[in-house]
Amino acid sequence: IDLAGQPRRNFIDDEVLSLLATLRLPVSPQADDSTFIRRLSLDLTGRLPEPDKVTAYLVNQDQNKNDELIDELVQTDAFNEYWSYKLAKWLRMGTDPNDEDGISTYRLWLSNQIEKGVGYDEIARTLILATGDTHKVGPANFYRTVDGAREHAEFVSELFMGSRLRCANCHNHPLDKWTQDDYHGLASIFSKIENARIVQVRASGEVIHPRTREPAVARIPGEYFLEDKTQDGREDLVEWLTAGDNPYFAKAIVNRLWSSLMGRGLVGPVDDMRDTNPATHPKLLNRLAEDFVASGYQLRPMLKRIASSATYARSSNKLPGNAVDDRYYSHALRRPLEAAVLADAISDVLKVPAQYNGTARGERAVTLVDPYTRSRALDILGRCGREESCESETQISGGLTRNLHLLNGELINGRIRHEEGRLARLFDAGTAPMDIIDKLYLVALSRRPVGAARRFWREQLANVETREQQQRLLEDFLWSLLASNKFTSE
């Protein structure tokens with residue numbers, strides 16, 4: 001199959017198209033402008049694009065407008081808020097019911113790192129080496145994420161190495177190179193950490209190796225033992241982990257970033273990288289990791305690199321020849337909006353702010369510091385509890401309870417008729433019903449209705465006579481718009 005005529009904007013497209021040609025998979029066309037601006041805004045900021053931004057973008061004929069839009073979005077406060085939320089999920093930021101101050105300090109620290117563009121290597125270094133009062137030193141809360149040295153070894157290996165060392169607890173890993181020495185040796189590095197409110201390094205601490213029945217010797221996984229039992233092995237771990245040639249660290253984070261924007265990791269699940277679970281595009285993963293290291297471990301340039309590719313901008317409309325492709329990116333993968341993003345999007349369209357327990361009215365779901373803030377809507381929409389990895393959230397949040405809640409629940413129905421809402425204001429201002437439909441389409445889907453959809457709503461409006469009937473029809477229209485798959489996914 002000849003893909004020579006397909007658009008190529010960077011090395012991502014070269015690698016993806018090379019494999020698609022080998023697999024003889026045809027390529028779906030580029031997404032239209034409305035789809036692209038909505039997708040990009042949701043992926044980079046967790047927000048729907050403002051209607052005036054959409055209108056200006058759609059009429060812009062500059063061939064560099066995609067890159068300009070990407071550059072603009074990564075410098076917004078919304079980007080900082082959303083990617084603080086994303087990293088908070090990866091870090092499993094939770095809260096102790098009796099210690100709300102710690103999580104607030106932790107989230108504020110993380111937000112500052114994202115805003116300042118601190119390198120991911122420096123973020124990892126600060127977290128792993130952190131000590132101090134968790135109410136004052138945000139990163140010290142990293143050691144309160146899980147309880148126990150073994151649990152922390154599992155957490156660190158999955159987060160920063162994309163590897164499941166937990167499988168080597170009781171025996172050598174059956175599908176990977178990790179051994180019990182690696183698992184318990186890494187756990188030994190954390191055995192002296194006291195994870196109370198004041199995180200500190202104790203004078204002693206050990207992890208018993210189940211095979212030898214002796215204290216495990218601290219070890220850099222897959223590399224070497226730390227024979228000096230008096231040293232704080234975290235420094236050795238950080239130096240090894242953030243070295244430019246480390247085989248895991250950069251790949252683990254760029255794979256997560258890729259998954260966030262593309263709907264699937266080059267390795268999936270993203271925390272299970274091993275030889276027996278290879279990347280779909282190993283050369284691409286290597287090049288992305290090298291690019292990430294060369295940028296100084298910066299998140300923004302990597303996200304921009306992915307978003308500026310023709311691969312990212314592809315339509316999700318499938319062709320007969322690529323309909324079964326779920327991993328080679330011949331077409332974009334449709335993804336349900338995660339719970340917090342969907343809840344915020346519904347509030348934005350309705351212009352009726354949500355109220356979460358104990359928070360100010362109008363606070364966005366993605367900015368909630370406490371992930372356990374009581375909210376029936378967020379629970380039903382499928383929010384991640386963060387006790388374990390949240391990597392599969394977009395898959396689990398599209399279930400029956402979510403759909404029933406969207407169709408029948410108070411999340412939408414209870415606010416559609418709100419007297420201060422967008423629909424009521426447009427209607428009370430005397431806006432023509434078809435113009436209301438156009439405006440709501442633009443807000444929710446970044447486009448106006450065309451073709452059969454436009455004809456349908458014109459016909460429906462033609463069959464109503466009174467103002468009250470018009471209002472009821474528009475309420476039904478808005479309900480159907482927010483419950484549609486086109487709105488609840490990207």
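The values are calculated or read from the model by the stated rules, or taken from the named source; none is laboratory data. Note that the coordinates shown come from a computational prediction; the quantities given were computed from them, not determined experimentally. With ideal geometry, Cβ positions are generated from the backbone for all residues, glycine too; neighbour counts draw on all protein chains shown. With ligands, DNA and RNA removed, areas are computed over all heavy atoms of the protein, side chains included. Shrake-Rupley method; radii C 1.70, N 1.55, O 1.52, S 1.80 Å.
Hey, does the range 361-370 have a residue that's touching a residue at least 40 places away in the same chain (Cβ under 8 Å), of a type outside the set (S, T, N, Q), crowded, with 20+ Cβ neighbours inside 10 Å and outside any loop (DSSP other than H, G, I, E, B)? Looking through the range 361-370, at least one residue is touching a residue at least 40 places away in the same chain (Cβ under 8 Å), of a type outside the set (S, T, N, Q), crowded, with 20+ Cβ neighbours inside 10 Å and outside any loop (DSSP other than H, G, I, E, B). On the stretch given as the range 19-47, residues that are surrounded by 14 or more Cβ atoms within 10 Å (Cβ to Cβ) and in a helix (DSSP H, G or I) total 16.
Can you find even one residue in the range 277-291 that is open to solvent by 50 Å² or more (accessible area, probe 1.4 Å) and on the phi > 0 side of the Ramachandran plot?
At the first step, the residues of the range 277-291 found to be open to solvent by 50 Å² or more (accessible area, probe 1.4 Å) are 278, 282-283, 286-287, 290.
Filter again for on the phi > 0 side of the Ramachandran plot, leaving none.
Within the range 277-291, none of the residues are open to solvent by 50 Å² or more (accessible area, probe 1.4 Å) and on the phi > 0 side of the Ramachandran plot.
Taking every residue in the range 226-245 that is closer than 30 Å to Arg287 by Cβ and assigned to a loop (DSSP other than H, G, I, E, B) and pairing it with any residue that is open to solvent by less than 60 Å² (accessible area, probe 1.4 Å) and of a type in the set (Lys, Arg), at least 6 positions away or on another chain, the pairs with Cβ-Cβ distances below 8 Å are Thr242/Arg125.
Which of the residues belonging to the range 314-334 are surrounded by 22 or more Cβ atoms within 10 Å (Cβ to Cβ) and closer than 22 Å to Lys86 by Cα? The one that is surrounded by 22 or more Cβ atoms within 10 Å (Cβ to Cβ) and closer than 22 Å to Lys86 by Cα: Ala332. Checking each residue in the range 167-180 for being free of Cβ contacts under 8 Å to residues at least 40 places away in the same chain and either assigned to a helix (DSSP H, G or I) or among the aromatic types (Phe, Trp, Tyr) (or both) picks out Cys167, Ala168, Gln180. Return the residues of the range 59-68 that are open to solvent by 60 Å² or more (accessible area, probe 1.4 Å) and not in a loop (DSSP other than H, G, I, E, B); say none if nothing qualifies. Those that are open to solvent by 60 Å² or more (accessible area, probe 1.4 Å) and not in a loop (DSSP other than H, G, I, E, B): Val59, Asp67, Glu68. Only one entry of Ala332, Ala354 meets the criterion of being part of a loop (DSSP other than H, G, I, E, B) and modelled with pLDDT of 95 or more, and that entry is Ala332. No other residue among Glu50, Glu81 is in contact with a Lys or Arg (Cβ under 9 Å, 6 or more places away or on another chain), open to solvent by 40 Å² or more (accessible area, probe 1.4 Å) and not hydroxyl-bearing (Ser, Thr, Tyr) apart from Glu81.
Of the numbered criteria (1) modelled with pLDDT under 95; (2) part of a helix (DSSP H, G or I); (3) within 19 Å of Arg219 (Cα to Cα), the one Arg150 fails is (1). Annotation: Gly102 fulfils all but one of (1) touching a strand residue (DSSP E or B) at 6+ places or on another chain (Cβ under 9 Å); (2) open to solvent by 10 Å² or more (accessible area, probe 1.4 Å); the unmet one is (2). Just wondering, is there one or more residues in the range 130-152 that are open to solvent by less than 10 Å² (accessible area, probe 1.4 Å) and closer than 21 Å to His209 by Cα? Looking for residues that are open to solvent by less than 10 Å² (accessible area, probe 1.4 Å) and closer than 21 Å to His209 by Cα, one finds at least one in the range 130-152, hence yes. Return yes when Arg197 is open to solvent by 60 Å² or more (accessible area, probe 1.4 Å), charged (D, E, K, R) and out of contact with any His (no Cβ under 6 Å at 6 or more places or on another chain) and no when it is not. So Arg197 fits the description; yes. Kindly list the number of the only condition in (1) at pLDDT 95 or above; (2) open to solvent by less than 60 Å² (accessible area, probe 1.4 Å); (3) in contact with a helix residue (DSSP H, G or I) (Cβ under 6 Å, 6 or more places away or on another chain); (4) not polar (S, T, N, Q) that fails for Glu115. Result: Glu115 fails condition (2) only.
Table: residues versus (1) in contact with a strand residue (DSSP E or B) (Cβ under 6 Å, 6 or more places away or on another chain); (2) loosely packed, with under 12 Cβ neighbours inside 10 Å; (3) farther than 24 Å from Leu58 by Cα.
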site: His418; (1), (2), (3): no, no, yes
site: Thr431; (1), (2), (3): no, no, no
site: Ala462; (1), (2), (3): no, yes, yes
site: Phe477; (1), (2), (3): no, no, yes
site: Leu482; (1), (2), (3): no, no, no
site: Lys486; (1), (2), (3): no, no, no
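Considered as a group, the residues in the range 194-225 that are closer than 23 Å to Thr179 by Cβ and not in a loop (DSSP other than H, G, I, E, B) include one that is nearest to the chain's Cα centre (by Cα), and that residue is Ile220.
Take the conditions (1) touching a residue at least 60 places away in the same chain (Cβ under 8 Å); (2) within 14 Å of Ala310 (Cβ to Cβ); (3) open to solvent by less than 60 Å² (accessible area, probe 1.4 Å); Arg8 misses just one of them, which is (3). On the stretch given as the range 441-452, residues that are of a type outside the set (Ser, Thr, Tyr), surrounded by 13 or more Cβ atoms within 10 Å (Cβ to Cβ) and part of a helix (DSSP H, G or I) total 4.
If you go through the range 257-276 and keep only what is open to solvent by less than 40 Å² (accessible area, probe 1.4 Å) and not in a helix (DSSP H, G or I), you end up with Gly263, Gly265, Leu266, Val267, Gly268, Val270, Asp271, Asp272, Met273.
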